[in-house]
Amino acid sequence: MTATRTHKAPSTQTGRLRANGWALRVLERYALVLLIIIMIIIFSTDPASSRVFLSAPNINSILANQSVTGILSLAMLVTLVAGFFDLSAAAVTGVASVIVASFTGAHVGNPVLAVAIAICVGAAIGALTGFLIAKVRLDSFIITLGLYILLGGVLVWYTQGQTLPTGSSFSDISSIKIFGIPSPFILLIIVGILVWLFLQHTPFGRYLEAIGSNSNAARLVGINVDRIVWLSFILSGALAALAGCLLASRNGGGDATTGSSYLFPAFAALFLGATAIRPGRFNVWGTIIGVFFLAIAVSGLTLIGASTWVQPVFNGASLVLAVILSTFAARARSRRVVRPADTKS
Amino acid sequence: MQKTEGGAVSRLPVDRLQSSLSIRGLTKTYPGTRALDHIDLNFAAGRIHAVVGGNGSGKSTLIKILAGVLRADTGALTIGTDEFDLSGFDAASSRNAGVRVVHQDLGVFPILSVAENIALGSGYPTTALGLVGWRSLRKRAATVLDSFQIDVDPGTPMQSLRLAVQTRIAIARALQSQDNASSKVLVLDEPTAALPTHEANELLGTLRGFADMGLTIIYVSHRLDEILDHTDDASVIRDGSLVGTETTPSWTEEKLISAMIGKAPIARKPRAQTQMNRGNLLEIRGLETGPLKHLDLTVAKGEIVGIAGLTGSGRSSLLRTIFGVTKPAGGQISFDGQKIHANSPERAANRGIAMVPENRAVEAAFADLPIRDNLLITRLPEFAPPGRILRAGLIEKEASALVARFAIKAVSTASTLSTLSGGNQQKVIMARWLSREPKLLLLDEPTQGVDINSRNEIHEQIREAVNGGAAAIVVSSDFDELALLADRVLVIRGGHVRAELAEQDLTVERITQLATFDEQSGTRK
Ligand SMILES: Nc1ncnc2c1ncn2[C@@H]1O[C@H](COP(=O)(O)OP(=O)(O)OP(=O)(O)O)[C@@H](O)[C@H]1O
Ligand SMILES: [Mg+2]
């Protein structure tokens, strides 16, 4: 038997299918953004919430408050791209907030110096964690969980359960508005751009992603995996400390527990973010969108007067739903019919 | 499970009339690629039917659809008298229909025992408490091994066995009868890709036995000599379309290749003597590493040295030690006139050494990253001026140039590596290292899964690099490749270099004879 080639692909149909695929991909990438827009429309038309929801103070407080979560998420993103969970980052945020508070408050120090010290301490903790994980090769989940608990305890001892106030000049910094935009949000966007450039557009960032994809292969292409993972933990610690400085300024003080409480919101934002912009991957803009998705929902639900249990249920459900949606979109995309092979060989 | 009486024959409840297989109008599309385009194929019972085609022609796609792992867009399947719609054909339907598949990577678990590997195909027996019944597990495995005439202890860890034996166990696992489904069709995707010729022949002998029992065998391979010598029918696919099906005796190597590439093949170039004596590049004295006990090796610039040996003879250990992946237990390595003290893959790469490892999936591929990242990961600093970000335009330009130069079949350099066919992934890894213009190339099975035409092209690229003053050490289980490519071949056995072949001595027969000597006298390693 000799078969013959039967080439027939009605071009109009393929054209339509291509357009569908394109729409599907856009939907997949921007589904979360779309949901944010829908929520904004609902909350700003619902009589119970509309007045306050769209008011400048509410918008400003969402933008400013979420910048701490945002920067912390970005800190965790840096190591997560390489495949390492860093639970201790949130504890570092707490440590930094207490350091800044004790240097600008009672001792009336220079705020710039205080921030510099906090960031150095954050980087140093990151260096220690990174050393244990990259060089000694201990499990990142266990090490950072241990550190999270340990640092929390140290802070309770140091603060004696009290809130240490920052100097008022320090807390004023985060209330400044530039062109009407709260300064913490501007800081978040600057950090976001820098982290994005770093991860996407420097060799170092590409190495991190290669390590996350296949660390064995990364080693065998000559990447110094240990060093790069270590450095990523240092950077992550420094960024987490920056989030802590902002936190202290926003709250006018530092205490033992607030920083740590950001752990789960930051994780939720990271995982939500992995369903948007670059679906299937942890990424900067997806993460920031994830942060605000959750914040807007919380604010709106509170204004509507939803009971306290509604928020966690909403947050959990949206995380699960986002993952389901993006997974289905990805599957639909891989089934989609396109023009026959137009290859380069 | 059925009782066994005697050999493998009684194990297989095959009905000759029921086991022929035919495919009608099979089409499968991926984003940007039509992988299979209206394929019609008939496979007769009791025959070994080869499916041949260049890299990315759609062979694995065809097999995955038959296995029910992938859904076709359209297509109908008939097995014996049963009809199936291929767009809704899932793994369970495939099993029930009597299709047994051995995928290219075998799907064995190296650290588990043979018994467990077999149980993973049929389910673990459990005790009354719901725990694994280890004794009956072993007994069941022993029965299966026995009936397939595989002489190993069920408790042996899989990784300690030769690849040929592992392949036979994978086949036994696929064919062991369970439930009441009987095996009708056995499908194998490149089972011999990493096997030396004589082990491949051993495997093909086993397959012939199954065919004689009435099983339909669908066989994918890039080794044309194997296909011409051992199969009954051969079909060629090119770019997802069927080019032709004939009985094997009516094919010749030239006919197969021209059907595969759609034009007359370029004559296979004989081994051109490369210019040597440009000084030594690599000197190894008394190296002890892995199974190697004392190895001396000198490689000159402009030279291609082949390493032959069996699985486990230490061929890969040698390359891995030179590249700094493994620390040697003793001995000395000098590169470019300098003794190597501290070594690591990073240092080795900076010295101008390149290594293409044996196990692509585990050690070389960034499956979920774009093709361009996979190609240029080792060269990124070139594209970022100090203190500046990467120049995306330059990266794209260089990646496209490499895709064209190495004839990689890809929709775009932004697609992930996992969307490429096996052979094309291998080309990406070769391109990754060759484009760095290394001084020393360490190549472990460099053309595994690469079609014959592309293999010649890759050989050409290696020769070009070497003629430019580099050197290469090539490990290959395909002795034909060694004879074709290397200037001289070292045969490693029992931890030592047993022979060095060059010039007229350098033939496939001599390599095979020397590499497998021990085995013929009953022992191994
Ligand atoms: N998951 C995927 N997404 C997109 N395209 C794919 C995917 N898998 C395979 N392809 C494309 O389908 C075509 C056929 O691939 P297939 O793996 O069947 O080739 P093959 O004949 O087995 O090649 P090889 O000899 O290299 O193993 C190729 O062009 C490949 O790039
Ligand atoms: Mg294949």
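For this structure, a couple of remarks:
- Options B:42, B:55: the member that is outside any strand (DSSP E or B) and within 14 Å of another protein chain (Cβ to nearest Cβ): B:55
- Scope region B:347-362; condition modelled with pLDDT of 90 or more, among the small types (Gly, Ala, Ser) and on the phi < 0 side of the Ramachandran plot; matching residues: B:348, B:349, B:354
- Subset of region B:42-89 [open to solvent by less than 40 Å² (accessible area, probe 1.4 Å), away from ligand 1 (no atom under 16 Å from the Cβ) and in contact with a strand residue (DSSP E or B) (Cβ under 7 Å, 6 or more places away or on another chain)]: B:43, B:45, B:48, B:76, B:77, B:78, B:79, B:89
- Helices (runs of 4 or more DSSP H) within region B:357-473 that include 2 or more residues within 16 Å of ligand 2 (Cβ to nearest atom) and within 26 Å of residue B:189 (Cβ to Cβ): B:360-363, B:422-434, B:452-467
- Residue satisfying all of: in region B:343-356; closer than 18 Å to residue A:228 by Cα and in a helix (DSSP H, G or I); nearest to the other protein chains (Cβ to nearest Cβ) among these: B:349
- Within region B:478-494, residues that are more than 9 Å from residue B:304 (Cβ to Cβ) reach partners that are of a type in the set (A, V, I, L, M) and open to solvent by 30 Å² or more (accessible area, probe 1.4 Å) with beta carbons closer than 6 Å, at six or more positions or on different chains, in the pairs B:479/B:508; B:480/B:508; B:483/B:508; B:490/B:497; B:491/B:514.
- Restricting B:333, B:304, B:322 to residues that are within 14 Å of chain A (Cβ to nearest Cβ), open to solvent by less than 60 Å² (accessible area, probe 1.4 Å) and at pLDDT 90 or above narrows the list to B:322.
- Close contacts from region A:200-219, counting a first residue that is more than 7 Å from every other protein chain (Cβ to nearest Cβ) and a second that is outside any helix (DSSP H, G or I), with Cβ to Cβ under 6 Å and a gap of 6+ residues or different chains, come to A:207/A:223; A:208/A:81; A:208/A:82; A:211/A:82; A:212/A:81; A:212/A:82; A:212/A:83.
- Residue match in region A:253-266 (condition: surrounded by fewer than 23 Cβ atoms within 10 Å (Cβ to Cβ), more than 16 Å from the chain's Cα centre (by Cα) and either within 14 Å of chain B (Cβ to nearest Cβ) or modelled with pLDDT of 90 or more (or both)): no
- Exactly one residue out of A:277, A:223 is more than 14 Å from chain B (Cβ to nearest Cβ) and of a type in the set (A, V, I, L, M, F, W, C): that is A:277.
- Selection count, region B:405-445, where residues are facing another protein chain (nearest Cβ under 10 Å) and within 16 Å of residue B:464 (Cβ to Cβ): 5
- Within region B:223-234, the only residue that satisfies the criterion of being part of a strand (DSSP E or B) and either hydrophobic (A, V, I, L, M, F, W, C) or within 8 Å of chain A (Cβ to nearest Cβ) (or both) is B:234.
- Among residues of region B:391-406, those that are open to solvent by 30 Å² or more (accessible area, probe 1.4 Å) and not acidic (Asp, Glu), counted: 9
- Counted residues, region A:37-85 - those being outside any helix (DSSP H, G or I) and open to solvent by 10 Å² or more (accessible area, probe 1.4 Å): 9
- Helices (runs of 4 or more DSSP H) wholly inside region A:206-314 containing at least 2 residues that are under 20 Å from residue A:187 (Cβ atoms) and among the aliphatic types (A, V, I, L, M): A:225-251, A:263-273, A:284-304
- Some residue of region B:457-467 being under 28 Å from residue B:220 (Cβ atoms), within 15 Å of ligand 1 (Cβ to nearest atom) and within 14 Å of chain A (Cβ to nearest Cβ): yes
- For region B:207-220, residues that are in contact with a Ser or Thr (Cβ under 9 Å, 6 or more places away or on another chain) and open to solvent by 40 Å² or more (accessible area, probe 1.4 Å) total 0.
- Filter result for residue B:344 (of a type in the set (Ser, Thr, Tyr), open to solvent by less than 30 Å² (accessible area, probe 1.4 Å) and at pLDDT 90 or above): yes
The values are calculated or read from the model by the stated rules, or taken from the named source; none is laboratory data. All values derive from a computational prediction rather than experimental measurement. So basically every Cβ, Gly included, is an ideal-geometry build from the backbone, and we count neighbours across all protein chains shown. Surface areas here come from the heavy atoms of the whole protein model, side chains and all, with no ligands, DNA or RNA. Shrake-Rupley method; radii C 1.70, N 1.55, O 1.52, S 1.80 Å.
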